[in-house]
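**Q** First the structure, which I've put down as structure tokens, then a few questions once you've had a look.
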Amino acid sequence: DWNASNGDGTETFKTDDAMFAYAIRSVPAEGDVVMLVHDNLQRTVRVLPRIIAYYQEQGYTFARLEPDTDLSNCQRLPHGSHPVLESADGTR
């Protein structure tokens with residue numbers, strides 16, 4: 001159950017900035033955010049602190065998902081879909 005992504009599982013980014021821009025634009029306009037991020041890519045490891053800092057500056061807080069976490073305020077994507085966004089440099 002996720003409703004935002006940094007794109008590291010489906011996209012090929014030419015720069016760290018492109019991944020960061022994708023992660024910023026993938027967040028829904030309303031509701032809580034559950035962002036899908038993988039920990040097996042060097043670019044993700046480099047960019048994740050920047051993504052976290054950005055969202056903290058926007059007033060977001062972070063919490064670990066537990067089996068009983070209430071996700072009722074998350075706008076959900078249909079199963080198997082993911083955001084298709086163009087990055088800042090025109091790449092996907």
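Nothing in this text is a laboratory measurement; each read-out follows from the coordinates by a stated rule. All figures in this text were calculated on a predicted structure; none of them were measured in a lab. Every residue, glycine as well, gets a Cβ built from its backbone with ideal geometry; the counts of neighbours run over all protein chains shown.
**Q** May I ask you to compute the full-extension gain from Arg50 to Trp2, defined as 0.36 nm times their residue separation minus their alpha-carbon distance, rounded to one decimal in nm?
**A** So the chain would gain 15.3 nm between Arg50 and Trp2.
**Q** Can you find, among His38, Ala18, Leu48, the residue farthest towards the positive end of the dipole of the stretch 5-78? Put +1 on the C-beta of Lys and Arg, -1 on that of Asp and Glu.
**A** Ala18
**Q** Please state the charge dipole magnitude for the stretch 1-72, taken about the Cα centre, from unit charges on C-beta atoms (+1 on K and R, -1 on D and E), reported in debye and rounded to the nearest 20.
**A** Once rounded to the nearest 20, the dipole reads 420 debye.
**Q** Fully extended, how many nm does the chain gain between Gln42 and Thr12 (0.36 nm per residue separation, minus their Cα-Cα distance)?
**A** Residue separation times 0.36 nm, minus the Cα-Cα distance, leaves 9.5 nm.
**Q** Another question, if that's okay. Can you give the local net charge around Gly59? Use residues other than it whose beta-carbon is closer than 15 angstrom to its beta-carbon, Lys and Arg +1, Asp and Glu -1.
**A** So the environment of Gly59 carries a net charge of -3.
**Q** Still on this structure: Separation between the Glu30 and Glu57 pseudo-spin-labels, each 7 Å from Cα along Cα→Cβ, expressed in nm?
**A** 2.7
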